[in-house]
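What follows is a short report on a single structure.
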Amino acid sequence: MTDDSDISVRLVRNATLLATVDDTTFLVDPMFTPQGEMPTVTDSPGVPDFLTTANQKRNPLVALPDVDFDHDAVVVTHRHPDHWDEAAREQLDADVPLFCQRADEAALTDEGFTDVRPVDDETTFDGVTIHRTPGRHGHGELAEGMGPVSGFVFEGDDTLYVAGDTIWYDPVKETLDRFDPEMVVLNGGAAQFDQDEPITMGIEDVRAVRAATDATVAVVHMEAINHCLLSRADLQAQTEGVLVPEDGERISL
């Protein structure tokens, strides 16, 4: 690392992060597909057939920035294709330490990865304690249909909370209260289908997190996937004290 911070996060694109805690770098939710080579979200595997969205642009909407992907381990919050895609499966080393939620263990093993480490509660890696945290990927029945999702807390000399695809709800506040992180990364974009409320954080969710913690708060998962309707400019204009990094940008404490 190049400064005195024990935590840094580089946004790659969408939810793909290079999160460094102490001297250990975790590649979070790798999506490596080139611009425009994935279908729209509503045509993607695992998305219920009844969902529609007015924006039918092919994904990802933007190119992958030129960054150094050197990492010590991989973390997958859930297996939706904008967090874990075929390109990542092909490019990552099969024996990379791969942390995930228990629900995804079998599928990741079936895809040929030989060091899959599901986290039920907590584990350790290279001196960093990794805690799995709950998430709710939307509201009501749609959240159930989107399947299980997780966030992760990385606890070293300082603490990083990567919330994953979740809205603001009580367990997010409980995670903030329990771990008192120095940095929080939220998945924003207010991802939304025509049929229901957003399934990732929007302006009010981000404001709620900002009010609940003294941590550095950064918002990613924006302007890269066709159903993410909240822009960086609108989020910045309607919130205070929140970092909204550009693709490829690195932030630290």
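A few points about this structure:
- Once the gyration tensor of the Cα atoms in segment 110-231 is diagonalised, the equivalent ellipsoid follows with semi-axes of 24, 19, 13 Å, ordered largest first.
- Relative to one another, the C-alpha centroids of segment 133-175 and segment 36-72 are positioned 21 Å apart.
- Carbon + sulfur, % of accessible area of the chain - ligands and nucleic acids excluded, 1.4 Å: 42
- Spin-label pair GLU204/ASP126, simplified geometry with 7 Å Cα→Cβ offset, distance in nm: 4.1
- Magnitude of the charge dipole for segment 14-87, about its Cα centre and with charges confined to Cβ atoms of Lys, Arg (+1) and Asp, Glu (-1), is about 440 debye.
- Segment 1-121 - convex hull of the alpha-carbon atoms, volume per residue in Å³: 126
- Angstrom value of the Kirkwood radius, inverse mean 1/r, which spans all Cα pairs in segment 67-140: 13.3
- Once the C-beta distance of ASP49 and ALA233 is scaled by a Förster radius of 30 Å, the resulting FRET efficiency is 0.35 to the nearest 0.05.
- Modelled this way, with points 7 Å down the Cα-to-C-beta line, the labels at GLU246 and GLN35 are 1.4 nm from one another.
- For the chain, relative contact order (Cα pairs under 8 Å, six or more residues apart, normalised by length) works out to 21 percent.
- Note, ³J(HN,Hα) from phi for segment 203-210, Karplus 6.51, -1.76, 1.60, rounded to Hz, x at Gly and Pro: 4, 5, 4, 5, 4, 5, 5, 4
- Per residue value of the accessible surface for segment 7-243 (all protein chains in place, 1.4 Å probe), Å²: 41
The values are calculated or read from the model by the stated rules, or taken from the named source; none is laboratory data. Keep in mind that this is a model prediction, so the values were computed, not measured. Note: ideal-geometry Cβ built from the backbone for every residue, glycine included; neighbour counts use all protein chains shown. All accessible areas refer to the heavy atoms of the entire protein, side chains included, with ligands and DNA or RNA removed. Shrake-Rupley method; radii C 1.70, N 1.55, O 1.52, S 1.80 Å.
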